[in-house]
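Visitor: Here's a structure for you.
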Amino acid sequence: MKPGTRIGRYVVDDLVGHGGMADVWRAHDDDGVAWALKVLTQTRPEARERFVTEARIQLSLDHPNLVRAREVVEDDQGDPILVMEYVEGASLDRWLFAREATLEQRDRIAAQILAGVGYAHGLGLVHRDLKPGNVLVMDADEGPVAKVTDFGLAKDEQAASATRSNIALGTPRYMAPEQIRDAKRVDARADIWSLGTLLYELYTEEAAFHRDSLADIFIAVVDGTYRDPAELGAPPRVCAAIRACLQGDPALRPESTAALEALLFPAHPPPAPTLLPPSLPPTDEVPPPLPEPPRAEPPPPPQKVARHKPIRVGRLALPWIAGWGLALGLVLLLFGAGVAGVAIYSWSETTEVRPAPPPPPPAPRIDRRGKRRNRP
């Protein structure tokens, strides 16, 4: 795809976002209204299936703090393209980097994020990828407006999940511990954890679980090791809310976004999020509660392992050890003396000076007639 490409009634303008599975292009329709086109870039069948699921979920959302979808169109190759409202703003992390946000502005953004996520939870959806990069913030006269986007990894608890078991799914720094172990079986309380990391970054402008390697991130998340937000200047109420969200046991976290709002805004909490889209007529039906996750059975008590007691040397054994030690010392002394004697004897044998033997007698001389002469 390139600028100027026409897809139905939309004309592509330029690329505004790039992700691992899809690109986002800004486009305008025949009436001049700006839209965002999300185009799938993966060719794997499971990626296409997940993209179709995301489109179905986005089309079902109607909340001012969630990015709305308009329709699904196809390009010349028959690939689906999701048409969404275009948000004239920046991601939350970039928005914070570009300005000195006040505490009031941060509170306003936090309340809107919780309202949008609470609405999605009321529909039985678990986002599973809440992070500053998936929150768009635009400036308005009344203050910043936040919209949660990218439901590409969302789980619909009322429908069959396409996620395989026992795999991690999401962005490591913002994933709950149970999501690292098995993303398929998480519920809304995994989003509560992610909201805690998001609030941490919103109020301190630092990531709670920023580490140098992926392995270190996973270890920090599982162990719940992070710098106390109070050290970074976060207000006490914010610190209490963050600590409650980042509990390793999901049962110890706030049970809903409304409970989290009560911790974050204890004096004047914002109203609970509306569970039905504003465009639908009110009804007395109450959405089904989130299913309770299966509680893990307590581990069996550890079995006692027989350990051998260390051998202790008593006072009665000391004389016995001393006697044998003395005997061994004498043996070594005698053996050493014998070796020394043999060495000295050998040395003396090799160095003794003996007198030279007498010369042999001269041979007798014989005269010319063959007779022996006695005189020399």
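Visitor: Going down the table (K131/K155; K38/K147; K131/K184; K147/K184), which pairs top 21 Å between alpha carbons? Don't skip to the answer; put the middle values down first.
Guide: Values: K131/K155 16 Å; K38/K147 16 Å; K131/K184 19 Å; K147/K184 25 Å.
Checking Cα-Cα distances, K147/K184 exceed 21 Å.
Visitor: Would you grab the residues whose amide H sits under 5 Å from the one on R70? Only those 5+ places off in sequence or on another chain, please, with H modelled 1.01 Å from N.
Guide: Here V83, M84, E85 satisfy the definition.
Visitor: Between H63, F151, V137, whose Cα lies farthest towards the positive end of the dipole of the range 33-167 when Lys and Arg beta carbons carry +1 and Asp and Glu beta carbons carry -1, centred on the Cα centre?
Guide: In the range 33-167, that residue is F151.
Visitor: Let me ask something additional. Could I have the simple spin-label model distance between V222 and Q42, label points 7 Å from Cα toward Cβ, reported in nm to one decimal?
Guide: Placing both labels 7 Å along Cα→Cβ, they lie 2.4 nm apart.
Visitor: Take D31, D216, D249, D187 and order them by how many other Cβ atoms sit within 10 Å, fewest up front.
Guide: Ranked by crowding around the Cβ, least crowded first: D31, D249, D216, D187.
Visitor: Is any residue of the range 27-49 close enough, with backbone N under 19 Å, to a label point placed 7 angstrom from the Cα of Q77 along the Cα-Cβ axis, and if so, which?
Guide: 37-49
Visitor: Please give the contour-minus-distance gain from D141 to D30: 0.36 nm per residue of separation, less the Cα-Cα distance, rounded to one decimal in nm.
Guide: Taking 0.36 nm per residue and subtracting the Cα distance, the gain is 37.1 nm.
Visitor: Taking amide H positions as placed 1.01 Å from N in the peptide plane, with prolines and chain starts having none, which residues 5 or more places from G17, or on another chain, fall under 5 Å of its amide H?
Guide: Close amide H contacts, sequence-distant or interchain: V24.
Visitor: Once phi is turned into θ = phi - 60°, what whole-Hz ³J(HN,Hα) does the Karplus curve with 6.51, -1.76 and 1.60 give for every residue of the range 173-182, x standing for Gly and Pro?
Guide: Each residue of the range 173-182 in turn: 5, 10, 8, 6, x, 5, 6, 5, 6, 7 Hz.
Read-outs throughout are calculated quantities, based only on the coordinates presented, and are distinct from any laboratory measurement. Note that the structure is a prediction, hence the values are computed from the model and not measured. Positions of Cβ are backbone-derived with ideal geometry, glycine not excepted, and every protein chain shown enters the neighbour counts.
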